[in-house]
Amino acid sequence: MVGGTTDPGYVCFHNALELARRGHEVTVFTLDHGIPPDFRDPEEFRVVRLRTSMKLGDGGSVPSLYGALKGFDAVHLHYPFYGSGEYVWLASLLRGQKYLLTYHMDVHGTTPFKKLAIGAYEPTLGRRILRGAARVGAVSMAHLMSSRAAHVVD
């Protein structure tokens, strides 16, 4: 399971916990943003924190994710997860490793640079990541169909 650090991270945590409780072996990959000294990872599943080669907000480029995903039967991408989703898609493209994707939200840039970056990313890599998923889910169908991803998924 690949999840970020904000609300999608909360959903990822609970998905991982429930899968582990049902007897699945679960590994969650997330960014290494450091953790408080008194924080303990859940005992029910494994958490792997990957170093980012470039950090921007809650996101970051994590090329090591591509290799880390090798050998997993299933990959669940919580999206958008910029800097990580691309490596899940690449593993699918190059190794045939299927993934399912949970679409959490449309991202809106808060600065002119972010708006430009998102405007360039979504119709290129974003579209490919969404279309490359074996299955796409969301909080609800209404949420998905009212999102910018609606025209990309079937």
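The values are calculated or read from the model by the stated rules, or taken from the named source; none is laboratory data. If you're wondering where the values come from, they're calculated on a predicted model, not measured in any experiment. Cβ sites come from the backbone with ideal geometry, for glycine too, and all protein chains shown count toward neighbours. Please note that ligands, DNA and RNA were not included when accessible areas were found on the heavy atoms of the full protein model with its side chains. Shrake-Rupley method; radii C 1.70, N 1.55, O 1.52, S 1.80 Å.
Annotations
- Residue match in region 78-96 (condition: surrounded by fewer than 18 Cβ atoms within 10 Å (Cβ to Cβ) and under 14 Å from the mean Cα position of the chain (by Cα)): no
- Any hit, region 77-95, residues being free of Cβ contacts under 8 Å to residues at least 12 places away in the same chain and of a type in the set (G, A, S): no
- Selection count, region 83-108, where residues are within 20 Å of Y10 (Cβ to Cβ) and part of a helix (DSSP H, G or I): 2
- Tally, over region 97-118, of residues that are without any contact (Cβ under 8 Å) to a residue 24 or more places away in the chain and open to solvent by 50 Å² or more (accessible area, probe 1.4 Å): 8
- Qualifying residue in region 78-96 (condition: farther than 22 Å from V139 by Cβ, at pLDDT 95 or above and polar (S, T, N, Q)): yes
- Residues of region 32-77 that turn out to be open to solvent by 50 Å² or more (accessible area, probe 1.4 Å) and closer than 20 Å to S92 by Cβ, as a count: 8
- Any hit, region 124-145, residues being farther than 21 Å from V75 by Cα, assigned to a helix (DSSP H, G or I), open to solvent by 50 Å² or more (accessible area, probe 1.4 Å) and of a type in the set (K, R): no
- When we screen H33, H76 for residues that are part of a loop (DSSP other than H, G, I, E, B) and touching a Gly at 6+ places or on another chain (Cβ under 9 Å), the only hit is H33.
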